[in-house]
Amino acid sequence: MAAPEAGRRPHRAAGGLLNPRQLARSFPDALRKLDPRAMYRNPVMFVVEVGAVLTTLSAIRAPGVFPWVITGWLWLTVVFANLAEAVAEGRGKAQAAALRRTKTTVTARRLTGWRPGGADAVEEEVPGTGLRPGDHVVVEAGQLIPGDGDVVEGIASVDESAITGESAPVIRESGGDRSAVTGGTKVLSDRIVVRITARPGETFIDRMIALVEGAARQKTPNEIALNILLASLTIIFLIAVVTLQPFAVFAGAEQPLVVLVALLVALIPTTIGALLPAIGIAGMDRLVQRNVLAMSGRAVEAAGDVNTLLLDKTGTITLGNRQAAAFLPVPGVDVEDLADAAHLSSLADETPEGRSIAVLAKQQYALRARGEGELAGAAFVPFTAQSRMSGVDLDVPQGRRSLRKGAATAVMRWVRDNGGHPTDDVGHVVDGISASGGTPLVVGQVTRRGAAPPDARVLGVIHLKDVVKEGMRDRFGRLRRMGIRTIMITGDNPLTARAIAQEAGVDDFLAEAAPEDKMALIRREQESGALVAMTGDGTNDAPALAQADVGVAMNTGTSAAKEAGNMVDLDSNPTKLIEIVEIGKQLLITRGALTTFSIANDVAKYFAIIPAMFASVHPGLDRLNLMRLHSPTSAITSAIVFNALIIVALIPLALRGVRYRPSSAAELLRRNIWRYGLGGLVLPFLGIKLLDLVLQFVPGLR
Amino acid sequence: MSDTAAGWLQAAVLVAALALSYRPLGDHLARVLGGGPHWRVERLLYRAAGVNEDTDQRWPVYLRSLLAFSAVSVLFLYAFLRLQDRLPLSLGRAAVPPDLAFNTAASFATNTDWQAYAGETVPGHLVQMAGLAVQNFVSAAVGMAVAAALIRGFTRKRTRCVGNFWTDLTRLVLRVLLPLALLSAVVLVAAGVVQNLHGPLGITTLAGGHQSLPGGPVASQEAIKVLGTNGGGFFNANSAHPFENPSGLTNLIEIYLMLVIPVALPRTFGALAGDHRQGYVIVAVMALLWAGSVALTTANELHRVSSPAGHAAGAMLEGKETRFGIWSSALFAVSTTLTSCGAVNSAHDSYTPGGGGMTLFAMMLGEIAPGGAGSGLYGILVLAVITVFVAGLMVGRTPEYLGKKLRGQEMRYASLYLLTTPALVLTGTGLAMAFPGERAAMRNPGPHGFSEVLYALTSAANNNGSAFAGLAADTVWYNTVLGVVMLLGRFLPVVFVLALAGSLAGQQPVPVTAGTLPTHRPQFAGLLTGVVLIVVALTYFPALALGPLAEGLH
């Protein structure tokens, strides 16, 4: 597994800035999308296309510079919208192409009649595409795994860089939660037998290709709702423009078709209409760049709505292992002696706990590691499940010294058996540590000198505790400001759980949790209307992953878990849920901000176009020409050109997403209203005026 | 006291009176709509009508009940008008012609009270009392019932039921409108409004001329005319007539009465939603829009003397009663166009282009500030839904209002609501302007003539009922088109609001967190105001440019 924070992001495309080559590459796609059968899915841009057809016909019948310029820019408006979508898709296409390359045809070594432990399986070579779920295949070092499945025999290191981009090999073994293998990845060592779980064409890589390509793209619920609002605004403006003609005729200023279409296109929310598909695709793409595969856009949206986050304690909130935090000597023992004894007893202890003791001793008491030569006659006693302690026996002048550390009861019994009498103090310290959620390790010492009765006593206690990952408290604080409640799930007892929950700053915890408790918790939260997100990897997580609104399965997990979740994290980093939530929110914010921007834009366009249309018959209306635009034709042209160019200008924003900083809803709203509401109101006044300053010199538009 | 001081004073008294009645009336409405035991007299009515008062209706059933009731109202009123010459107390007046009868029936059943006839010559006393006045009560109650259903959509969970139309209607009439109307009528009589069953009284004046003094049950009708935001006058001159509105005091009382129920309904909303702050936000937006409109209109009338008559008189007093003057006329004009009441105490046609344009714009806001009885609340709540949707996206969540998510279904109904009125106004005006015969009904040329037509359609589609005057609207074409527009402008939005209510009621509310868009703060009030203004301005800007703006800008 990649280290959480240092996870490389090999798929990450170049930041937000638009690359001209990318635009050029996507241009043919943008033209292909002009097909009305594809356009009608986007009602706003479809209206623009119909308008462009109308003005084309009108310009053919009554040619002139003005009608042709307007017609040209209307077509460009549609093309720019398609370009936004094509660029967004283009990023996915490049990725899909890379993935496809890994999908070379593989020959599978199918085992017929394989049985666990049985050796009577018959091996035959079949094409990888001929495999069916339930088939068994054998894969050896250097070979590609022919299809998705679970390891049922053996252990191997596998190079999964084809899908994760992570070059360090990962271990895949039968049984347990690391059994899933993906077709197209390469076994580097050893030999495994894999039971195929996916039909050809429906493998993980196939789904991944479809996802990044957007082939399976469907409108998400929020996109549908927004489209309804945009469509109804379009209809309102359509009615307003169509009925304007009889009013204009009455006023003695009948308008040419070109002008009416220009007014309509300027009013309908083309900015958001053009960028809406790109925003959705880019949202999915941002997840892919973080090595998360969302199975549907709906899941990404749901992530923004999450109210409750379920996080497993181990590996997510805390580092996987407990670490030594303090040495607590019993009265009469020097803390340095205890640290030294603990250090000595852990020298050969290669468990993470043991290493952490050495580290603590070294850091706090400057005890350096001692080489073997320095310790005379050292005999290390390894940990066993029976003795439940480990330690070392050393030669000391005129005798031999034994040091043991381990579970309190085990070490105390060992001391008593050697004639020692541990005081009650030890019990108090041990209970205190347990109560605070830590794990006590007692250090005992027996010194034998000649025939004298051994001197057996307890030196003190090592306080081991779960170490909360750095920065977790901040992250949970951030989530709280976003209105998201975090619940820690742990198998620990409530006491321990509470202590860790407090230290990590989570809002709630579920202690001694069995898989069915997790399920019940999700149900309870959902009953109260909350949306729940969780991560999981094991087979027993699968029902909960399926029940959760956002279920992120770890790529290292079982295929059952990956099936059940609606996202897969290729880095298998559980804290990524937080980023996923932020991306979901960012997606919705981008839509809202550009909608606001788009509608606010209309004000300036009205002030450009209405005086241009009617100042000839009602000279007073020229006072609405706030921008003092040069002439009616230059005013209308400027508005239409601005309307088209703003789409291109905002493509990077649509792809990158509006910057999101976690904060309360009221604060976010204030910032976005100022930036996109007020910005949307003011910017077109400036833009149209600037365009007019240039366009007034174009012959035919004067 | 100077005009200015009196003007400010009456506005202050009005606002204070409305503030005083906000809580008690809003809470009373909440109790009436919140359930509780039935009165004996109500049970008798339910038995007589064959209604089971204890069932809860799903939204389509609620809608069917409402539509059936309104259809019967229209047909009954139509028959009444057509047959009035055979009924008592008709003062010998003839049967109303079919197109006018249809127009009037549609008008009163939709709470519009557009009058293409003159009250002095067309309906007799019986039609006024048993036909028009009855509709004044029940059409107001229908609007409030729809508002109640929408509130229930927000407050209920996991049900498709939005209340019982028949109990809502009965309770609103018996427990709210009748007592208040009775009280108001007595006050108006005491203040000088006439109340009798006389026919026209012929008298000889001192100069020897003959004059006909009309009489009738005016005060009783006047009370519900304003209280139910109906606006259909007993006389042709409506509240400019001295028998309907004799003094500055009655003028102020009438303005108060048209505002009192729509202003109190947000309190009811807050009370039933369990958070009074939600109600304060809504009423604050209403107050802001109202105060702004009053200020703009009054300023225009005071400082923008534009007509020849205005220049001759030194003030814009053409079409205004001298006993009210500019301040009281402007206050009345804005209040009546913002409430879907449509009673008038002055001729909006004679206002400055800015002032007249403001009355037009006030109706275009969609009758939400504070709007009609019930329709004001549901109108502004639908706009709040749209606001929450756009603003909610900007905080990064699927938007939710009072814990209810705004998804495709909710947005479909809200969008259709938003679409209906502008479509009716603009299509209707477009048609009228396209036909030379209908254009001829204008009595003024140019932009002002266009404003007259635009005003008529806006008034009908928004169920306001006031007229710009200057348009000869009693033609078969206008009677039919305006009648249809009034019906569609009333009942299409009702369909969408009830569907929205049903869809909201079916949801499980989402818990409120720090990530939820707060809808109880000034921030949201500002946002809602902005959305209302921008949506309306964008929709009607071209039309307004060719009417009041073309006329007013030089």
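Every number here is computed from the coordinates shown, using simple stated rules; none is lab data. Note that the coordinates shown come from a computational prediction; the quantities given were computed from them, not determined experimentally. So basically every Cβ, Gly included, is an ideal-geometry build from the backbone, and we count neighbours across all protein chains shown.
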Ignore the peptide's own chain and count Cβ atoms of other chains within 10 Å of each Cβ in B:503-516; give me the average, rounded.
5
Dipole-positive endmost among A:511, A:491, A:479 within the stretch A:457-531 (Cβ charges, Cα centre)
A:479
Please compute the length gained on full extension between residue B:130 and residue B:158, using 0.36 nm multiplied by the number of residues separating them and subtracting their Cα-Cα distance.
5.9 nm
Provide the three semi-axes, in whole Å and in decreasing order, of the ellipsoid equivalent to the stretch B:314-444 as defined by the square roots of 5 times the Cα gyration tensor eigenvalues.
36, 21, 11
Among A:636, A:154, A:542, flag the residue with its Cα farthest along the positive direction of the charge dipole of chain A, charges on Cβ as +1 for Lys/Arg and -1 for Asp/Glu.
A:636
As a check on your grasp of the helix formula, calculate [θ] at 222 nm for chain A: sum -39500 (n - 2.57) over DSSP H runs of n ≥ 4, divide by the residue count, round to the nearest 500.
-15500 deg cm²/dmol
Given just the C-alpha atoms of chain B, how large is their convex hull per residue in cubic angstrom?
151
Checking understanding here: applying a Kyte-Doolittle mean of at least 1.6 and a length along the axis of at least 15 Å (C-alpha), which whole DSSP H helices in chain B pass?
B:178-190, B:375-393, B:476-505, B:522-544
Space enclosed by the convex hull of the alpha-carbon atoms of the stretch A:525-569, per residue, Å³
49
Distance from a point 7 Å along Cα→Cβ of residue B:521 to each backbone N in the stretch A:517-559: keep the residues under 17 Å and list them by number.
none
Semi-axes of the equivalent ellipsoid for the stretch B:261-347, please: Cα gyration tensor eigenvalues, times 5, square-rooted, ordered largest first, whole Å.
35, 12, 7
Could the peptides B:397-408, A:230-241 be put in order, highest first, of the mean number of other beta-carbon atoms found within 10 Å of their residues?
B:397-408, A:230-241
Protection proxy (average C-beta count within 10 Å per residue), highest first, orders B:87-98, A:268-279, A:27-38, B:297-308 as A:268-279, B:297-308, B:87-98, A:27-38
Any idea what log10 I(q)/I(0) is at q = 0.04, 0.05 Å⁻¹ for the protein assembly as shown, Debye with uniform C-alpha scatterers and no solvent?
-0.33, -0.49
With axes computed from alpha carbons, what is the tilt in degrees of helix A:65-102 against the longest principal axis of chain A, rounded to the nearest 10 within 0 to 90?
20
Inverse mean reciprocal Cα-Cα distance (Kirkwood Rh) of chain A, Å
30.2
Residues meeting the amide H criterion for residue A:325 (H placed from the backbone, H to H distance under 5 Å, 5 or more places apart or on another chain) are A:463, A:464, A:465
Can you put B:166, A:75 in order, fewest other beta carbons within 10 Å first?
A:75, B:166
For the stretch A:139-192: rounded, prolate or oblate by the Cα gyration tensor [a/c cutoff 1.5]:
rounded
Would you please give the FRET efficiency between residue A:517 and residue A:29, computed as 1/(1 + (r/R0)^6) with r the Cβ-Cβ distance and R0 = 51 Å, to the nearest 0.05?
0.55
Mean separation of Cα contacts under 8 Å (at least 6 apart) over the residue count of chain A, i.e. the relative contact order in percent, is 15
If we count every other residue with Cβ under 14 angstrom of residue B:548's Cβ, Lys/Arg +1 and Asp/Glu -1, where does the sum land?
-2
Relative contact order of the stretch A:175-295, please, whole-number percent, based on alpha carbon pairs below 8 angstrom and at least 6 residues apart.
25
DSSP beta bridges in the protein assembly as shown [antiparallel fraction, %, rounded to 5]:
80
Relative contact order, percent, of the stretch B:299-394 when contacts are C-alpha pairs under 8 Å separated by at least 6 residues?
23
Please get the size of the charge dipole for the stretch B:120-218, origin at its Cα centre, with Cβ charges of +1 on Lys and Arg and -1 on Asp and Glu, quoted in debye to the nearest 20.
920
In vacuum, with every alpha carbon of the stretch A:229-335 counted as one equal point scatterer, what does the Debye formula give for log10 I(q)/I(0) at q = 0.10, 0.11, 0.15 Å⁻¹? Two decimals, please.
-0.63, -0.68, -0.87
Computed about the Cα centre, the charge dipole of the stretch A:573-702 from +1 Lys/Arg and -1 Asp/Glu charges at the Cβ has a magnitude in debye, to the nearest 20, of 260
Semi-axes of the equivalent ellipsoid for the stretch A:108-202, please: Cα gyration tensor eigenvalues, times 5, square-rooted, ordered largest first, whole Å.
20, 15, 12
Would you mind checking which residues have amide H under 5 Å from residue B:198's amide H? H placed 1.01 Å from N; only 5 or more apart, or other chain.
B:216
Show which lysines lie in cross-link reach of residue A:405 when reach means a straight Cα distance below 21 angstrom and same-chain residues fewer than eight apart are skipped.
A:362, A:465
If amide H atoms are modeled at 1.01 Å from N in the peptide plane, then the residues at a separation of 5 or more from residue A:460, or on another chain, having amide H under 5 Å from its own are A:330, A:443
Given charges at beta-carbon only (K, R positive; D, E negative), |dipole| of the protein assembly as shown in Debye
740
For chain A, with the dipole built from +1 on Lys and Arg beta-carbon atoms and -1 on Asp and Glu ones, taken about the Cα centre, which of A:84, A:681, A:247 lies farthest toward the positive end?
A:247
Above-threshold pairs, the threshold being 23 Å between Cα atoms, out of A:313/A:585; A:518/A:562; A:585/B:404:
A:313/A:585
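Run the helix sum for chain B: -39,500 (n - 2.57) per DSSP H stretch of 4+ residues, divided by residue count, reported at 222 nm to the nearest 500 deg cm²/dmol.
One gets -20500 deg cm²/dmol as the mean residue ellipticity at 222 nm.
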Output needed: percent of Cα pairs per 10 Å distance bin for the stretch A:628-674, bins running from 0 to the one holding the longest distance.
21, 27, 27, 19, 5
Calculated diffusion of the stretch B:152-278, Stokes-Einstein form, Kirkwood radius summed over Cα pairs, 10 °C and 1.306 mPa s, µm²/s
93
Binned Cα-Cα distances of the stretch A:556-669, short to long, each 10 Å bin given as a whole percent:
11, 26, 20, 18, 11, 8, 4, 1
HN-Hα couplings for the stretch A:437-442 via Karplus (6.51, -1.76, 1.60; θ = phi - 60°), in whole Hz with x for Gly/Pro, come out as x, x, 10, x, 10, 8
For the stretch A:330-464, what are the per-bin percents of Cα-Cα distances with bins 5 Å wide, up to the bin holding the maximum?
2, 11, 20, 25, 22, 13, 5, 1, 0
